[in-house]
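Structure first, then comments.
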Amino acid sequence: AYPGFVGKDETLEPISTEVQGTIPTWINGNLLRNGPGKFEFGNTHYNHWFDGMAMLHQFKIEEGRVTYKSRFLQSDAFKKNSERDRIMVSEFGTLAMPDPCKNFFHEAIYFLITDSTDNASVSFVKYKGDYYVSTETNFMHKVDPESLDKFIAVNGATAHPHYDPDGTTYNMGNSYGSAIYNIIKVPPERTEATDTLQGAKVLCSIVPANKSCPSYYHSFAMSENYVVFIEQPIKMDLLKIVTCKLRGKPLSEGIFWDPKQETVFHLIDKHTGQVISVKYYTKALSNFHQINAFEEDGFLMLDICASDDGQAINNYLIQNLRKSGDALDEVSVKLRTCAHTQTIIHPLDILSLLYIANVSCSDLHGDDLHEYGGLEFPQINYSRYNTRQYRYFYGCGFRHLVGDSLLKMDLKDKGLYPSEPVFVPSPDAVDEDDGVILSVVLTPTQVTLLFHNIRNNLDAADVFLLTWTLVSTAGFCKINRDFWHNWFSSPHPE
């Protein structure tokens, strides 16, 4: 069984570790990770991987040493569940049910009017120099990256914003009352010390192709001049979602894959907020994460991780993920949908026309990527190469239901349970791949923080399975957690 799906206690006091090798002296800061860490309260349990209570993790790297600590996000959902020692707030795949030992009518009314969960278990994001944890709902929590304490809760958007070099932040959020997609722009300046998201504005709004069934989205893409929104055939039946409690069904029952529909790409001018009248179409694709987007010779090049099957979101049930041996292998083969890397090419010389264009799709990889089950959780040298032409990206290979390899992709010369890698550039870096990759690898008995010098083996194959020069490792035998996304918090930001 994958070790990440068993809930564990917090580690409130930092614990140290034995370091093998030498950690580069220029790496100082916090590797912050977020993910589900508790799947039961009393006799009640969650059904889906997305449902677990958020646990925040900090790997502090300082002067060649590493310590670890963690704590549960003190969300309202976590507090309500803890107070009653049962699931009181519904999550994506789990419907909270009334307590049969309490007054039936009181409990029924409570569960029908309870607000959405604020369990922000997906990632760390940054606005105006402050750190927040976020998820798919409109709740974010401002947190202290040192203590992992929660400051305040605010309304937010996706767990994957984009940033301009000046600190301007772009994100997306829904307005389900009127069924539209909103592109949000947050200025980098603070007006006062207590400023959170003041000054944020809706850059533009996009009307769904079907207002009663808008598309689910996890993230979006951005080039130098455009925001790119992918309206994919993973749909949300709003009627089923708003009536899920009345029908006794979890929210996940309202999300479905419609392979008969095409994927639509919307381009928005970042400077004016104008939604480009041209609509770009391709076959049905499901997409969670984009790699990069840049403009070149009159084209917008969009590199993404995509799959031809969009049903995976409803497949990650805890009962499946906790299986072991042949049973887990059988589930993995049955449910796994490989996400492969693709370039979507958008011609920009037709933007002034009322036009429907079919975009060109091509693979970013050779056949050898199939051996690793595809690639997800992509990362690049973001601070220097986001929105620009680039050569390298990194991610996890998925030969099983969860990641089991770390991959480096070379776009020029094509040819364990690790978590999403994070690229940390060296302070005097000149080349794009001059730096270190950090990743946390889980085994049934320990967690290891890996440091990889990724400038080696450039003449080898285009996919590297943990074959980069290993600089050092830091092992933590007391941690047995699951992670989604990460952020490296440096004491000396660029």
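The values are calculated or read from the model by the stated rules, or taken from the named source; none is laboratory data. Values in this document were obtained by computation on a predicted structure and should not be read as measured data. In this analysis, Cβ positions are derived from the backbone assuming ideal geometry, glycine residues included, and neighbour counts consider all displayed protein chains. Areas reflect the complete protein model, heavy atoms only, side chains present, ligands, DNA and RNA absent. Shrake-Rupley method; radii C 1.70, N 1.55, O 1.52, S 1.80 Å.
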| message | Step by step: first the residues of segment 288-305, then only those that are out of contact with any Lys or Arg (no Cβ under 9 Å at 6 or more places or on another chain) and open to solvent by less than 10 Å² (accessible area, probe 1.4 Å), then the one that is farthest from Tyr385 (Cα to Cα). Which residue is that? | response | Cys305
| query | Could you say whether any residue in segment 84-100 is modelled with pLDDT of 75 or more and assigned to a helix (DSSP H, G or I)? | reply | yes
| task | Only residues that are closer than 16 Å to Tyr132 by Cα and assigned to a loop (DSSP other than H, G, I, E, B): list them for segment 50-83, please. | result | Leu73, Gln74, Ser75
| Just wondering, is there one or more residues in segment 8-31 that are open to solvent by less than 40 Å² (accessible area, probe 1.4 Å), under 23 Å from the mean Cα position of the chain (by Cα), closer than 19 Å to Val122 by Cα and at pLDDT 85 or above? | yes
| message | Conditions first: (1) under 30 Å from Lys142 (Cα atoms); (2) over 23 Å from the mean Cα position of the chain (by Cα); (3) surrounded by 17 or more Cβ atoms within 10 Å (Cβ to Cβ). Val242 passes all but one, so which condition is the exception? | response | (3)
| message | Condition check: of a type outside the set (Asp, Glu), at positive phi, open to solvent by less than 50 Å² (accessible area, probe 1.4 Å) and touching a Cys at 6+ places or on another chain (Cβ under 7 Å). Does Gly254 satisfy that? | response | no
| query | Looking at (1) charged (D, E, K, R); (2) at pLDDT 85 or above; (3) more than 30 Å from Asn81 (Cα to Cα), can you tell me which one Asp195 breaks? | reply | (2)
| field | Residue tally, condition at pLDDT 85 or above and either more than 27 Å from Ser489 (Cβ to Cβ) or open to solvent by 30 Å² or more (accessible area, probe 1.4 Å) (or both), over segment 391-424 | value | 1
| query | Can you name the residue in segment 40-71 that is at pLDDT 90 or above and acidic (Asp, Glu) and, of all such residues, is nearest to the chain's Cα centre (by Cα)? | reply | Asp51
| Taking interchain pairs and intrachain pairs at least six residues apart, which have beta carbon atoms under 9 angstrom, with the first residue in segment 196-208 and assigned to a loop (DSSP other than H, G, I, E, B) and the second among the acidic types (Asp, Glu)? | Thr196/Asp130; Gln198/Glu192; Gly199/Glu189; Pro208/Glu231
| note | Scanning segment 257-275 for residues that are open to solvent by 40 Å² or more (accessible area, probe 1.4 Å) and more than 20 Å from Asn287 (Cβ to Cβ) gives His271, Thr272, Gln274
| message | Looking at the structure I just gave you, is Pro188 out of contact with any strand residue (DSSP E or B) (no Cβ under 7 Å at 6 or more places or on another chain) and either open to solvent by 40 Å² or more (accessible area, probe 1.4 Å) or acidic (Asp, Glu) (or both)? | response | no
| message | Looking at Lys334 and the list (1) modelled with pLDDT of 75 or more; (2) more than 19 Å from His289 (Cβ to Cβ); (3) part of a helix (DSSP H, G or I); (4) not hydrophobic (A, V, I, L, M, F, W, C), which single condition is not satisfied? | response | (1)
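Out of Asn358, Asn320, Asn315, I need the residue that is modelled with pLDDT under 75 and touching a Ser or Thr at 6+ places or on another chain (Cβ under 7 Å). Which one? Spell out how you get there, then give the answer.
Working: Asn320 fails: touching a Ser or Thr at 6+ places or on another chain (Cβ under 7 Å); Asn315 fails: touching a Ser or Thr at 6+ places or on another chain (Cβ under 7 Å).
Checking each option against the conditions leaves just Asn358.
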